[in-house]
Amino acid sequence: MSSDCVECMACSDNTVRAGLTSKFIDVPTLCEMLSYTPSPSKDRLFPPKWSQEDPYLSLYAPPVPDFAVMKMEVPGSVTEYKVSALDSASILLMVQGTVTASTPTAQAVIPLQRGGVLFIGANESVSLKLTVPEDLLIFRACCLL
């Protein structure tokens, strides 16, 4: 499986939509706005910053206070991975891998696989235990206060 991007948006009243919504859809305007010219990865607008504390985590932080995206690429040889607590709530998106998630406050473990989403409360960490020994690809949308 591969993809071109993961998108994280703040609330907005000037969004141009192309589908998957009951709201107004304006495909021609969206197509006019986009650039379809590929560029080398070195020309990224927001290159990732690699975490000093977590060797599997990279951070995409645009110059706005609303949100950031973390990318976690965990090798299948790591049997348990801890998602650190943040000062704000966040959303975890499983792109690749199969795990069970647990938190200190959860009453039961939560199974997650490709396409799964997990809400993480503020100041809450999550332990992910691999149930299948394959690489994990996870994105986390969050607000870095």
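Okay, here's what the table says:
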| item | result |
| --- | --- |
| Count of residues meeting criterion [farther than 26 Å from THR98 by Cβ and over 18 Å from the mean Cα position of the chain (by Cα)] in segment 41-82 | 4 |
| Test result for GLU73, over 30 Å from THR131 (Cα atoms) and outside any loop (DSSP other than H, G, I, E, B) | no |
| Of all residues in segment 85-103 being aliphatic (A, V, I, L, M) and touching a residue at least 60 places away in the same chain (Cβ under 8 Å), the one that is farthest from GLU134 (Cα to Cα) | LEU93 |
| Which numbered condition LYS82 fails, given (1) touching a strand residue (DSSP E or B) at 6+ places or on another chain (Cβ under 6 Å); (2) surrounded by 11 or more Cβ atoms within 10 Å (Cβ to Cβ); (3) closer than 16 Å to ASP135 by Cα; (4) not small (Gly, Ala, Ser) | (2) |
| Long-range neighbours under 9 Å by Cβ, at least six apart or interchain, first residue closer than 13 Å to ARG17 by Cβ within segment 28-39, second hydrophobic (A, V, I, L, M, F, W, C) and not in a helix (DSSP H, G or I) | THR29/VAL16; LEU30/VAL16; LEU30/ALA18; CYS31/ALA18; MET33/VAL16 |
| The listed residue being surrounded by 15 or more Cβ atoms within 10 Å (Cβ to Cβ) and touching a Cys at 6+ places or on another chain (Cβ under 8 Å), out of MET70, MET94 | MET70 |
| Evaluation of THR29 against (1) over 18 Å from LEU137 (Cβ atoms); (2) modelled with pLDDT under 85; (3) among the β-branched types (Val, Ile, Thr) (one fails), failing number | (2) |
| Subset of segment 109-124 that is in a loop (DSSP other than H, G, I, E, B) and touching a strand residue (DSSP E or B) at 6+ places or on another chain (Cβ under 8 Å) - its residue that is surrounded by the fewest Cβ atoms within 10 Å (Cβ to Cβ) | GLY115 |
| Cross-chain or 6+ apart pairs with Cβ under 8 Å, segment 55-70 first and touching a residue at least 60 places away in the same chain (Cβ under 8 Å), then aromatic (Phe, Trp, Tyr) and part of a loop (DSSP other than H, G, I, E, B) | ALA61/PHE46 |
| Flag if SER127 is of a type in the set (Ser, Thr, Tyr), assigned to a loop (DSSP other than H, G, I, E, B) and modelled with pLDDT of 95 or more | no |
| Counted residues, segment 76-108 - those being assigned to a strand (DSSP E or B) and not charged (D, E, K, R) | 13 |
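The values are calculated or read from the model by the stated rules, or taken from the named source; none is laboratory data. This structure is a prediction, so every number in the text was calculated from the model and none was measured. Ideal geometry is used to build each Cβ from the backbone, glycine not excepted, and the neighbour counts take in all protein chains shown.
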